[in-house]
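I have placed the structure first, in the form of structure tokens, so that the comments after it can refer back to it.
The values are calculated or read from the model by the stated rules, or taken from the named source; none is laboratory data. The structure displayed is predicted, hence computed values, not measured ones. Neighbour counts are summed over all protein chains in view; Cβ atoms, including those assigned to glycine, are modelled from backbone coordinates with ideal geometry. Quick note on the areas: whole protein, heavy atoms, side chains included, nothing else; ligands and nucleic acids left out. Shrake-Rupley method; radii C 1.70, N 1.55, O 1.52, S 1.80 Å.
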Amino acid sequence: TFPKETFDVIFDKGTLESIAVGNSYRNVHRMLMGVSNSLKWGGLFLSISFALPDQRTALLSGPLPQLRGIYNWSVYPQELVGSNGIQFTVYVCRKKATPE
């Protein structure tokens, strides 16, 4: 783990995908809580995924309904198409500017 509020930007390409495939909400929550804790207020978490926005946005907001909003960020999916025609999504999670 890293100290709290260490990074301005955290980038993920594949880690969340691997954890989420097994439907292990506990492990997904542990990962996202670690990301949120080590991200500075106002920072960005960028996650690239082949998962559709209606599936992944909910997971990034909180893997279970009772956890929605716990990571203190808003999720903005940006759908893109690579030069090879493969569609993917960059999930831009912006942490709130200040703690509430």
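Amide H contacts under 5 Å for Ile10: Leu44, Phe45, Leu46, restricted to partners 5 or more places along the chain or on a different chain, H placed in the peptide plane at 1.01 Å from N. Solvent-accessible surface of the chain, averaged per residue with a 1.4 angstrom probe and all protein chains in place: 61 square angstrom.
About its Cα centre, how strong a charge dipole does the chain have in debye, to the nearest 20, once Lys and Arg get +1 and Asp and Glu get -1 at the Cβ? Intermediate values should be presented prior to the final figure.
Numbers: 10 positive and 7 negative charges, 51 e Å.
Approximately 240 debye in magnitude.
If you take all other residues with their beta carbon under 12 Å from the beta carbon of Lys40, and give Lys and Arg +1 and Asp and Glu -1, the sum is +2.
Atom-type composition of the exposed protein surface of the chain places 55 percent of the accessible area on carbon and sulfur (1.4 angstrom probe).
Would you please give the FRET efficiency between Asn27 and Gln78, computed as 1/(1 + (r/R0)^6) with r the Cβ-Cβ distance and R0 = 35 Å, to the nearest 0.05? Can you show the working numbers first?
Details: r = 25 Å, r/R0 = 0.72.
The computed FRET efficiency comes out at 0.85.
Over the stretch 15-100, what is the relative contact order in percent, taking alpha-carbon pairs closer than 8 angstrom and at least six residues apart?
Details: 122 pairs, mean separation 29.1, N = 86.
Averaging sequence separation for qualifying contacts and normalising by length gives 34 percent for the stretch 15-100.
In the chain, helices alone account for a calculated mean residue ellipticity at 222 nm of -9000 deg cm²/dmol, with every DSSP H run of four or more residues adding -39,500 (n - 2.57).
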